[in-house]
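Asks: Sharing a structure below in structure tokens format, with a few things to ask.
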Amino acid sequence: MANQDMANHDGVELSFDEFDEQVNPPTSEPEFNEIAARLVSRRRFLGTSVAFGAAAFVTSAGLTAPGRAQAAAAPSRVSQGWLPFEPLAAGGSDTIRVPKGFSWHTVVSWGDPLWSKGVPFDHASRGTGASQELAFGDNNDGMSLFTKDGRSILAVNNEYVNRSIIYGNRESKLPENADDVRKGKAGHGVSVMEIENDGGTWKVIKDSPFNRRITADTPMAISGPAAGHELLKTAADATGTRSLGTWNNCGNGRTPWGTYLACEENFNGYFSSSDPGYTPSAELKRYGVSNKDWGYGWGAVDERFDISKHPNEPNRAGYIVEINPLDAQSTPKKRTALGRFKHENAEAVVAANARVVVYLGDDERGEFLYRFVSKDKYRELGDNSELLAQGTLSVAKFHDDGRGEWLELSPQTTGMKSQAEICIHTRQAASAVGATTMDRPEWVAAHPAQAQVYCALTNNKNRGKKPNKGGDATPVGGPNPRAGNQYGQIVRWLPDHGDHTAAGFKWDLYVMAGNPTVHSDDRAGSMNVNEDNMFNSPDGLAFDSKGGLWIQTDGKYSNKDDFAGQGNNQMLLGNTQTGEISRFLVGPKECEVTGITWSADKKTMFIGIQHPGERGRSHFPGGGDSVPRSSIVAITRDDGGVMG
Ligand code: FEO
Ligand code: CA
Ligand code: CA
């Protein structure tokens with residue numbers, strides 16, 4: 001953990017920050033031109049290793065970089081990461097493709113029953129409220145596999161429901177009655193299920209005592225500084241300590257003590273007002289809560305989603321929810337100490353000083369990147385169950401000289417009245433301290449053996465053009481170097497002294513996505529992007545146990561104009577030492593690839609295919625004229641080797 005040395009054992013490779021020091025010596029007065037020059041240098045560095053591999057990097061040191069054409073014509077197309085494979089071409093077919101020597105199969109799809117009293121998915125009705133409550137939810141996203149006594153328990157977020165698909169049997173393609181809304185609410189939340197490898201095929205074990213559906217109606221406890229605050233009190237809960245349900249759970253996290261973290265992202269889209277003249281508060285507007293929902297219709301059936309009647313209800317969503325996946329009776333806890341915003345994932349690590357650090361992104365244009373440090377220490381054999389109840393919440397400030405710092409959010413630094421208020425109005429707190437507005441922070445991933453951390457900044461068409469919802473400017477520069485950024489990038493940072501709790505860090509960009517076949521300016525991307533591996537909108541991000549960085553995309557799949565040649569959304573494997581990135585998987589039409597975890601023996605990788613056919617052009621996974629269904633897919637090596 002404390003080892004931030006990136007050199008290999010013969011000592012010839014430099015760490016990326018050492019390399020950066022050589023190529024880009026720090027200056028006292030960085031200007032935008034210098035930042036641009038640094039990015040160009042980085043493009044050379046990464047491009048060299050892409051073309052010739054790490055060995056050539058030692059001698060050329062990136063100073064005699066080949067042109068882009070040479071990089072694209074590099075003879076070897078075999079991945080140079082830890083896992084050898086022949087990288088895939090982009091494509092637009094309505095299936096999953098993986099490299100030669102690998103196989104995939106579907107484990108579970110939206111609507112599959114988790115109990116034998118459930119019914120098989122009905123393609124005509126697309127299910128009912130009752131059937132959905134007993135079945136795997138829609139739009140699977142982040143997930144983690146846990147093991148107990150040799151049994152495999154998979155916890156999966158079901159982020160949202162595709163209205164046009166789950167209500168595809170309705171003329172309006174929207175909920176038309178109370179049972180439709182019941183189905184929609186039950187399609188959200190978290191699915192926990194035991195799975196087993198049955199002769200090479202992973203299957204759900206129906207009726208396992210571990211199986212559980214957590215939905216928009218499941219009782220939750222509210223923990224941490226905001227618990228009991230006036231802003232959390234409602235007609236149904238005068239204590240401000242209990243709420244119902246979780247929804248729009250996007251990326252996820254897992255703690256070192258074996259709990260699952262479901263992260264509430266676009267919680268705002270479910271609230272509406274029965275009074276069209278109602279004016280939501282400025283605080284609610286900062287979070288995008290308005291009089292109109294996004295077509296879910298919950299407010300019409302369940303009054304707590306009507307903000308004109310229950311204006312505090314949205315304050316009870318937007319948190320990290322901690323769930324014990326091994327106890328189907330346990331009460332999930334909303335961890336307010338980790339802040340309230342549109343949470344993407346929650347990457348937890350144990351720092352060298354035993355404090356638990358959780359990195360958190362707020363996925364909206366111009367919002368922020370956060371860090372939580374627990375007050376108490378992790379104890380290997382102790383009770384760690386309340387470590388996320390109290391700690392220090394900070395937000396990232398990136399400086400143009402390659403340095404960064406974590407700014408603590410406290411009443412003193414923000415001018416806000418209490419820590420409780422900071423944990424409820426976290427965006428406002430971060431604005432108050434002048435944090436760096438980011439290009440939509442999606443997943444954060446920490447290296448398993450070295451203190452280095454990566455965050456996918458998926459895209460931001462407003463960069464350099466419009467402020468964020470709080471009015472904070474979004475200047476071009478730092479880790480957000482492109483105006484109107486439509487391709488995205490991955491920023492990485494090294495905590496000072498290899499200490500995840502340190503106040504400072506060094507940063508650079510691991511990759512800028514782009515399209516070098518269409519553009520020759522900075523929209524071509526960094527030099528580790530070429531016509532063979534290009535992609536847009538990195539989103540899911542996770543390290544395997546060998547230090548391979550898996551990158552999943554949720555981008556434009558038009559395959560034309562600015563996105564020509566990029567095909568469907570995909571998953572790539574990145575080598576963080578050489579910069580090389582290789583395409584490993586291409587998803588079906590109109591999906592995003594999101595969510596990743598491994599079996600206990602690491603011989604199976606599980607990934608998620610979300611919203612195939614969201615615009616009506618997929619029949620994944622059933623084919624024919626079946627209804628497209630979000631699914632979890634198992635990937636294995638034909639030689640039986642490990643996948644991560
Ligand atoms: Fe649900 Fe930020 O993706
Ligand atoms: Ca995402
Ligand atoms: Ca996304």
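Asks: What does the C-alpha gyration tensor say about the overall shape of the range 527-581? Classify as rounded when a/c is under 1.5, otherwise prolate if a/b is larger than b/c, or oblate.
Replies: Details: a/c = 3.30, a/b = 1.71, b/c = 1.93.
Cα axes put the range 527-581 in the oblate bin.
Asks: With each label point set 7 Å from Cα along the Cα-Cβ vector, what nm distance links GLU176 and LYS466?
Replies: About 3.4 nm, to one decimal.
Asks: Next question. Sort 374-386, 116-128 by packing, meaning the average of other beta carbons within 10 Å per residue, with the highest value first. Each step should come with its number before you reach the end.
Replies: Values: 374-386: 13.7, 116-128: 15.2.
Ranked from most to least packed, the peptides come out as 116-128, 374-386.
Asks: Continuing with the same structure: I need the peptides 540-549, 196-205 ranked by packing, meaning the mean over residues of other C-beta atoms within 10 angstrom, with the highest value on top. Walk me through the numbers before you get to the answer.
Replies: Values: 540-549: 20.6, 196-205: 14.0.
Highest mean packing first, the order is 540-549, 196-205.
Asks: Fully extended, how many nm does the chain gain between ALA221 and ASP639 (0.36 nm per residue separation, minus their Cα-Cα distance)? Write down the numbers at each step before the final one.
Replies: Numbers: separation 418, 0.36 × 418 = 150.48 nm, distance 4.63 nm.
So the extension gain works out to 145.8 nm.
Asks: Now for a separate question. If you rank THR147, THR241 by fewest surrounding Cβ atoms within 10 Å, what's the result? Intermediate results must be reported in sequence, preceding the final value.
Replies: Working: THR147 13, THR241 18.
The most exposed by this proxy come first: THR147, THR241.
Asks: Using a Cα-Cα cut-off of under 21 Å, which lysines could be cross-linked to LYS333, ignoring same-chain neighbours fewer than 8 residues away?
Replies: The reachable lysines, counting only those whose Cα sits under 21 Å from LYS333, are LYS185, LYS233, LYS342, LYS375, LYS377.
Asks: Related question: Would you please state which residues of the range 135-172 a label at LYS206 would reach in this model, taking the label point 7 Å out along Cα→Cβ and a backbone N cut-off of under 19 Å?
Replies: Once the point is set 7 Å along Cα→Cβ of LYS206, 135-138, 154 turn out to lie under 19 Å by backbone N, inside the range 135-172.
Asks: Provide ARG170, ARG629, ARG440 in ascending order of the number of other Cβ atoms located within 10 Å of each residue's Cβ, fewest first. Could the numbers behind the result be given before it?
Replies: Working: ARG170 15, ARG629 30, ARG440 26.
Going from sparsest to densest Cβ surroundings: ARG170, ARG440, ARG629.
Asks: What FRET efficiency do you get for GLU86 and THR128 if R0 is 41 Å and r is their Cβ-Cβ distance, rounded to the nearest 0.05? Mind dumping the intermediate values first?
Replies: On the way: r = 45 Å, r/R0 = 1.10.
Here the calculated transfer efficiency is 0.35.
Asks: As a test of the definition: which semi-axes, in Å, follow for the chain when you take the square root of five times each eigenvalue of its alpha carbon gyration tensor? Largest first, please.
Replies: Working: eigenvalues 261, 175, 112 Å².
So the equivalent ellipsoid measures 36, 30, 24 Å along its semi-axes.
Asks: Okay, next question. Before rounding to the nearest 500, sum -39500 (n - 2.57) across all DSSP H runs of length at least 4 in the chain and divide by the residue total; then give [θ] at 222 nm in deg cm²/dmol.
Replies: Values: 10 runs with 82 residues, N = 644.
Value at 222 nm, helices only, nearest 500: -3500 deg cm²/dmol.
Asks: Give, rounded to the nearest 20 debye, the magnitude of the charge dipole that the range 210-268 has about its Cα centre when Lys and Arg contribute +1 at Cβ and Asp and Glu contribute -1 at Cβ.
Replies: Numbers: 5 positive and 5 negative charges, 48 e Å.
Dipole of the range 210-268, to the nearest 20 debye: 240 debye.
Asks: Next question, about the same structure. Given N residues in the range 64-223, what is its alpha carbon radius of gyration divided by 2.2 N^0.38 Å?
Replies: Values: Rg = 20.6 Å, N = 160, 2.2 N^0.38 = 15.1 Å.
The reported ratio for this selection is 1.36.
Asks: About its Cα centre, how strong a charge dipole does the range 301-362 have in debye, to the nearest 20, once Lys and Arg get +1 and Asp and Glu get -1 at the Cβ? Present the calculation step by step, with values, prior to reporting the outcome.
Replies: Working: 9 positive and 9 negative charges, 49 e Å.
The dipole magnitude comes to about 240 debye.
Asks: Going down the list LYS148/LYS334; LYS285/LYS466; LYS397/LYS506, which pairs span over 18 Å between their C-alpha atoms?
Replies: Values: LYS148/LYS334 24 Å; LYS285/LYS466 16 Å; LYS397/LYS506 11 Å.
Pairs exceeding 18 Å: LYS148/LYS334.
Asks: Once both labels are modelled 7 Å past Cα along the beta-carbon direction, what's the ALA282-ARG617 spacing in nm?
Replies: Modelled inter-label distance: 4.4 nm.
Asks: Considering the options ASN177, ALA483, PHE505, tell which one lies farthest towards the positive end of the dipole of the chain, charges being +1 on Lys and Arg and -1 on Asp and Glu at the Cβ, about the Cα centre.
Replies: Comparing the listed Cα positions along the dipole, ASN177 ranks first.
Asks: Give the order of TYR510, TYR260, TYR167 when sorted by the count of other beta carbons within 10 angstrom, beginning with the fewest.
Replies: On the way: TYR510 25, TYR260 28, TYR167 21.
Placing the least packed residue first, the sequence is TYR167, TYR510, TYR260.
Asks: Taking the Cα atoms of the range 138-207, what is the range of coordinates along each of the three principal axes, in descending order and whole Å?
Replies: Its Cα atoms span 47, 22, 21 Å along the three principal axes.
Asks: Sort 551-560, 592-601, 406-415 by packing, meaning the average of other beta carbons within 10 Å per residue, with the highest value first.
Replies: On the way: 551-560: 20.7, 592-601: 22.3, 406-415: 17.4.
Taking the mean over residues of other Cβ atoms within 10 Å, the ranking is 592-601, 551-560, 406-415.
Asks: Under the classification rounded if a/c is under 1.5, otherwise prolate if a/b is larger than b/c and oblate if not, where does the range 468-618 fall, given a ≥ b ≥ c as square roots of the Cα gyration tensor eigenvalues?
Replies: On the way: a/c = 1.58, a/b = 1.09, b/c = 1.45.
Judged from the Cα gyration tensor, the range 468-618 comes out oblate (a/c at least 1.5, b/c at or above a/b).
Asks: Going toward the positive end of the dipole of the chain, with +1 on Lys and Arg Cβ and -1 on Asp and Glu Cβ, which of ASN568, GLY434, GLY224 do you reach last?
Replies: Toward the positive end, the furthest listed residue is ASN568.
Asks: Which of the aspartates and glutamates could be linked to LYS469 by a straight reach, that is with a Cα gap under 12 Å, when you skip same-chain ones fewer than 8 residues away?
Replies: In chain and number order, the partners are GLU283, GLU364, GLU367.
Asks: To continue, here is another question. Going by a ≥ b ≥ c, the root eigenvalues of the Cα gyration tensor, does the range 574-613 fall in the rounded group (a/c under 1.5), the prolate group (a/b larger than b/c) or the oblate group?
Replies: Details: a/c = 2.90, a/b = 1.23, b/c = 2.35.
Oblate, because a/c is 1.5 or more while a/b does not exceed b/c.
Asks: What FRET efficiency, computed as 1/(1 + (r/R0)^6) with R0 = 56 Å and r the Cβ-Cβ distance, is obtained for ASP149 and ASP561, rounded to the nearest 0.05? Numbers along the way, then the final one.
Replies: Numbers: r = 53 Å, r/R0 = 0.95.
E between ASP149 and ASP561, to the nearest 0.05, is 0.55.
Asks: Given 0.36 nm per residue, what is the gain on full extension from HIS105 to ARG379 after removing their alpha carbon distance, in nm?
Replies: Details: separation 274, 0.36 × 274 = 98.64 nm, distance 3.88 nm.
Full extension from HIS105 to ARG379 adds 94.8 nm.
Asks: To continue, here is another question. Within the range 489-503, list the residues whose amide N lies under 16 Å from a label point set 7 Å along Cα→Cβ of ASN353.
Replies: Counting only backbone N, you get 495-503.
Computed from the coordinates by the stated procedures, all read-outs in this text should not be read as laboratory data. Keep in mind that what you see is a predicted model, and the values were worked out from it rather than measured. Glycine gets a Cβ as well: all are built from the backbone with ideal geometry, and neighbour counts include every protein chain shown.
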